[in-house]
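The values are calculated or read from the model by the stated rules, or taken from the named source; none is laboratory data. If you're wondering where the values come from, they're calculated on a predicted model, not measured in any experiment. For neighbour counting, all protein chains shown are included, and Cβ atoms are generated from backbone atoms with ideal geometry for every residue, glycine included. Remember, those area values only see protein heavy atoms, side chains included, never the ligands or the DNA or RNA. Shrake-Rupley method; radii C 1.70, N 1.55, O 1.52, S 1.80 Å.
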Amino acid sequence: MKKRTLRLTIGLLILCLAGTLLGGCMAASPASGASAASVDLSSGAETDGTPLETTAEDIVVLFTNDVHGAVDADIGYEGLAAYKDWMEEKTPYVTLVDCGDAIQGDPLGAVSRGEFRVEIMNEVGYDFAILGNHEFDYGMEQLASLMAEADARYLGCNLRYTGEGTSPVVEALEPYAMVDYGGRQVAYIGVTTPVTITSSTPAYFMDEAGRFVYDFYGSSGEELYTRVQEMVDSCRAEGADYVVLLTHLGEEASTAPFRSSDLIAATEGVDVVLDGHSHDVIPCDILQNAAGEPVLLSSTGTGLVNIGQLVIGANGNLQTTLIGRYPERDGEVEAFIDGIESEYEATLGEVVAESEVALTTASPEGIRLVRSRETNLGDFCADAYRVMTGADIAFVNGGGIRADLPAGAITYGDIIAVHPYGNTLCMVEATGQEILDALEMGCRATTAETVGADGLAAGEDGGFLQVSGLRYTVDTSIPSTVELDEMGMFAGCGENRRVQDVEVLAADGSYQPIDPEATYTLASHNYMLKQSGDGYTMFTDNTLLLDESMLDYQALITYVADELGGVIGEAYAEPQGRIQVIG
């Protein structure tokens, strides 16, 4: 790794950093010979804004998680590299690690399928990284290529392949790594959440016959805990003085029993857990393991809003804190990122597909229709959602479709302009009645006319639903009976409905009447299904089958490439008759 020189006086640093460190805490490691009773659990108070004291004998572990492509936001990679340089002036024992979801999350990552992100991480000088759920979003073949390109060693003890032959991804993973710091041995163990299979793209974990050939020791919490405990015991047997788990587990209640706190409570011999996945900001928490001993837990949030620092003191004490701002920037990393972003701008012009037809949000006269009528572009987007998730039905809000696609060559930039917000695909179980309610909500403003007296689009609503896997009729002569609460959120609907004749696409290609009592799988994005976007409250408590997998525009690109052979054909020349408006 490159080492860069950055000189700052300590006095200047303390002045610039005043108030920028979040609360940290300290514990005496059982490995250091101190008993659990010696830990001061009150030491999690806010710091006074100065950096953690560091001596030449201390081990410093800098950590990031859930960067999601935020290259130069907040502290940025440039600030991280500069801070790393400054730490290396204090002690030779500095290690930089990432706890997952680093290569996905913005257009720059998507158009390079993670390559730009890995190149930047190489420049910053990461030593270890683990796989978050979104590292899998570009498929196993691409992930194996990225891991080979990375300078960081990828750690992961709980990804297993049960198919024929071998998996390049699993082969490239090391379950743990031991590092010698002047005679002190620190073990780093990688752990990826078992919910990755449903929070990335399930098909990527299957063979050609549709059988799952990957798993994360996730049949139960006990299976995961046993696997991690085996790795901890192996590290201790090899002479580890300290064991640090690099995890992508998070603390979301819905992911129990696979949360970082669950793992800590069920295992022994771990000193520190540096976590990711749920985007929690945890400067330091002290939890008890299965033996009643203290374990430090820390997580930085997301998007480089903070970087984390673990200090293993020469006296055996362990401290973590978060650094929320750093005034310096590493000039070499900054220049490197500028070069990458220039390359990205050029990449936006690369052709990724061809279209035999123009896909549009508007009428031939230029009146916007995507928020009040079915359009061929709406059909295309909804089909991409449904096919890429394997759902029965897919919804796309018309307000989220922001640009047309031309006939002829289609570039990365064209696709990203259609879905510029970077929402992520989700899939839930939904009853037929919930789907009917959603359709009624989306059509509450629809009018028989498409053009108003002012010559602009009439009856628009950003929540109007473009659909795949079903068809229906809107009778605009029936007044909407949708009820909204004081915040404009769906609160209910009367019996007299304007959405009628709703039919669901069956496996044989026929359409069958929707059953209000039946359960269907519904795909959309996190904005609608998890965040109640456009007022859709009926799905927020539903069972999530796919949780924030690929980005919405990535789904469009992958759909064209993998399902349509790179060409959008005549089937999308006109709207396909899924939504009829009468009245």
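In the stretch 306-313, the count of residues that are of a type outside the set (Val, Ile, Thr) and in a loop (DSSP other than H, G, I, E, B) is one or more.
Of everything in the stretch 165-185 that is in contact (Cβ under 8 Å) with a residue 24 or more places away in the chain and assigned to a loop (DSSP other than H, G, I, E, B), the residue that is surrounded by the fewest Cβ atoms within 10 Å (Cβ to Cβ) is Gly182. Does Asp338 satisfy being without any contact (Cβ under 8 Å) to a residue 12 or more places away in the chain and in a helix (DSSP H, G or I)? Criteria met by Asp338.
Check Ile197, Ile189 and return the single one that is touching a helix residue (DSSP H, G or I) at 6+ places or on another chain (Cβ under 6 Å), closer than 21 Å to Asp547 by Cβ and either in a loop (DSSP other than H, G, I, E, B) or open to solvent by less than 40 Å² (accessible area, probe 1.4 Å) (or both).
Details: Ile189 fails: closer than 21 Å to Asp547 by Cβ.
None of the other options fit; the residue is Ile197.
Checked against the criteria, Tyr520 does not count as of a type outside the set (Gly, Ala, Ser) and open to solvent by 50 Å² or more (accessible area, probe 1.4 Å).
Annotation: of all residues in the stretch 558-583 being in contact with a Phe, Trp or Tyr (Cβ under 8 Å, 6 or more places away or on another chain) and more than 29 Å from Tyr138 (Cα to Cα), the one that is surrounded by the fewest Cβ atoms within 10 Å (Cβ to Cβ) is Gln580.
Pairing residues of the stretch 534-548 that are touching a residue at least 60 places away in the same chain (Cβ under 8 Å) and in a loop (DSSP other than H, G, I, E, B) with residues that are of a type outside the set (Asp, Glu) and open to solvent by 50 Å² or more (accessible area, probe 1.4 Å), at Cβ distances under 6 Å and at least 6 apart in sequence or on separate chains, gives Asp547/Thr198.
Hey, does the stretch 89-101 have a residue that's within 14 Å of the chain's Cα centre (by Cα) and within 29 Å of Glu53 (Cβ to Cβ)? The answer is yes, given that some residue of the stretch 89-101 is within 14 Å of the chain's Cα centre (by Cα) and within 29 Å of Glu53 (Cβ to Cβ).
Residue count for the stretch 231-270 satisfying the condition of being closer than 17 Å to Pro175 by Cα, touching a residue at least 40 places away in the same chain (Cβ under 8 Å) and among the acidic types (Asp, Glu): 1.
In the set Asp127, Asp98, only one residue is over 26 Å from Glu345 (Cα atoms), open to solvent by 10 Å² or more (accessible area, probe 1.4 Å) and modelled with pLDDT of 95 or more; that residue is Asp127. Checking each residue of the stretch 434-446 against the condition of being surrounded by fewer than 24 Cβ atoms within 10 Å (Cβ to Cβ), touching a residue at least 24 places away in the same chain (Cβ under 8 Å) and of a type in the set (Lys, Arg) gives at least one match.
Screening Asp534, Asp547, Asp501, Asp515 for residues that are open to solvent by 30 Å² or more (accessible area, probe 1.4 Å) and within 13 Å of Arg444 (Cα to Cα) leaves exactly one candidate, Asp534. Check the stretch 549-561 and report whether any residue there is touching a strand residue (DSSP E or B) at 6+ places or on another chain (Cβ under 9 Å) and without any contact (Cβ under 8 Å) to a residue 40 or more places away in the chain. No, the stretch 549-561 contains no residue that is touching a strand residue (DSSP E or B) at 6+ places or on another chain (Cβ under 9 Å) and without any contact (Cβ under 8 Å) to a residue 40 or more places away in the chain.
Considering Glu293, Glu268, which residue is under 17 Å from Gly190 (Cα atoms) and at pLDDT 95 or above?
Glu268
Output the strands (runs of 3 or more DSSP E) that fall wholly within the stretch 355-460 and possess 1 or more residues being under 26 Å from the mean Cα position of the chain (by Cα), hydrophobic (A, V, I, L, M, F, W, C) and farther than 23 Å from Ala573 by Cα, or say none.
It comes to 425-431.
Sort out which residues of the stretch 464-508 are assigned to a loop (DSSP other than H, G, I, E, B), touching a residue at least 60 places away in the same chain (Cβ under 8 Å) and either among the aromatic types (Phe, Trp, Tyr) or under 17 Å from Phe395 (Cβ atoms) (or both), and write them in order of number. Selection gives Phe464, Gly469. Report whether or not Asp271 is surrounded by 23 or more Cβ atoms within 10 Å (Cβ to Cβ) and either of a type in the set (Val, Ile, Thr) or at negative phi (or both). Against the criterion (surrounded by 23 or more Cβ atoms within 10 Å (Cβ to Cβ) and either of a type in the set (Val, Ile, Thr) or at negative phi (or both)), Asp271 qualifies. Assess whether Glu343 counts as being more than 21 Å from the chain's Cα centre (by Cα), modelled with pLDDT under 90 and of a type in the set (Asp, Glu). Yes. Is there a residue being open to solvent by 20 Å² or more (accessible area, probe 1.4 Å) and of a type in the set (Ser, Thr, Tyr) anywhere in the stretch 464-474? Yes: one or more hits. Of the residues Ala453, Ala458, Ala445, Ala417, the single one that is touching a strand residue (DSSP E or B) at 6+ places or on another chain (Cβ under 7 Å) and modelled with pLDDT under 95 is Ala458. Restricting Thr55, Thr9, Thr20 to those that are at pLDDT below 80 and loosely packed, with under 15 Cβ neighbours inside 10 Å reduces the list to Thr9. Suppose we keep only residues that are out of contact with any Gly (no Cβ under 7 Å at 6 or more places or on another chain) and assigned to a loop (DSSP other than H, G, I, E, B) within the stretch 295-304. Which one would you say is most open to solvent (accessible area, probe 1.4 Å)? It comes out as Thr302.
Scanning the stretch 517-536 for residues that are out of contact with any Phe, Trp or Tyr (no Cβ under 6 Å at 6 or more places or on another chain) and more than 20 Å from Ala384 (Cβ to Cβ) yields Glu517, Ala518, Thr519, Gln531, Ser532. So is Asp414 free of Cβ contacts under 8 Å to residues at least 40 places away in the same chain and among the acidic types (Asp, Glu) or not? The answer is yes for Asp414.
Surrounded by 18 or more Cβ atoms within 10 Å (Cβ to Cβ), closer than 20 Å to Gly533 by Cα and in contact with a Ser or Thr (Cβ under 9 Å, 6 or more places away or on another chain) - does that describe any residue in the stretch 340-359? Checked against the condition, which is being surrounded by 18 or more Cβ atoms within 10 Å (Cβ to Cβ), closer than 20 Å to Gly533 by Cα and in contact with a Ser or Thr (Cβ under 9 Å, 6 or more places away or on another chain), the stretch 340-359 yields no hits at all. The set of residues in the stretch 325-340 being over 25 Å from the mean Cα position of the chain (by Cα) and of a type in the set (A, V, I, L, M) consists of Ala335 alone.
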